[in-house]
Amino acid sequence: MKRKKVSRPRVGIVMGSESDRAVMEEAVRVLEGYGVAWELNVRSAHRTPDATARYAKQAKRRGIEVLIAGAGGAAHLAGALAAHSKLPVLGVPLGTSPLGGFDALLATVQMPPGVPVGTLGVGSWGARNAAHLAVRILALGDPRLAARLERPASPGAR
Ligand code: RP5
């Protein structure tokens, strides 16, 4: 799926690898259903740790309001973002490892107190729900989006 980046993204979606793209684009589909601007980038907590930290540190300054992180193997990406940013971080464990995602679920969900990651389900359900939750977070300070949430979801926004 080829999508163009929008100029003023409110949700920053990060994935650990290009191989995560198909699942994380499920989140993009939901955000677009609500007309919420997004960006999608590859950053790895273990392959590109400096770039990951830099992305997290600069995100708020760039206008990002919520971060979504999807990762499979050694799924510490969401935690790494939460270590470097005070933005809400939503973690999506992906089923890419030989353990089928249960390892990613535990790595993403079991953050020590003070470094929170709101963890969703494994795989595409989690990616979609991360986007739904991001929309609800944004709607707290966005009356138009809050009103949009009250209307029935379009097929793209489920
Ligand atoms: C994690 O390991 C990525 O998030 C991906 O889910 C998994 C495999 O990555 P690749 O070896 O395909 O780059 O880092």
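Observations
- Residue that is farthest from the chain's Cα centre (by Cα), among those in the range 106-158 that are in a loop (DSSP other than H, G, I, E, B) and crowded, with 18+ Cβ neighbours inside 10 Å: MET111
- Each residue in the range 43-68 was checked for being farther than 20 Å from THR119 by Cα and acidic (Asp, Glu), and 1 of them qualify.
- For the criterion of being in contact (Cβ under 8 Å) with a residue 24 or more places away in the chain, assigned to a helix (DSSP H, G or I), within 17 Å of the chain's Cα centre (by Cα) and loosely packed, with under 14 Cβ neighbours inside 10 Å, LYS57 passes.
Each reported figure results from applying straightforward, stated rules to the coordinates on display, with no laboratory input. Worth saying up front: this structure is predicted, and the values here are computed from it rather than measured. Here the Cβ is made from the backbone with ideal geometry for all residues, glycine too, and neighbour counts use every protein chain on show.
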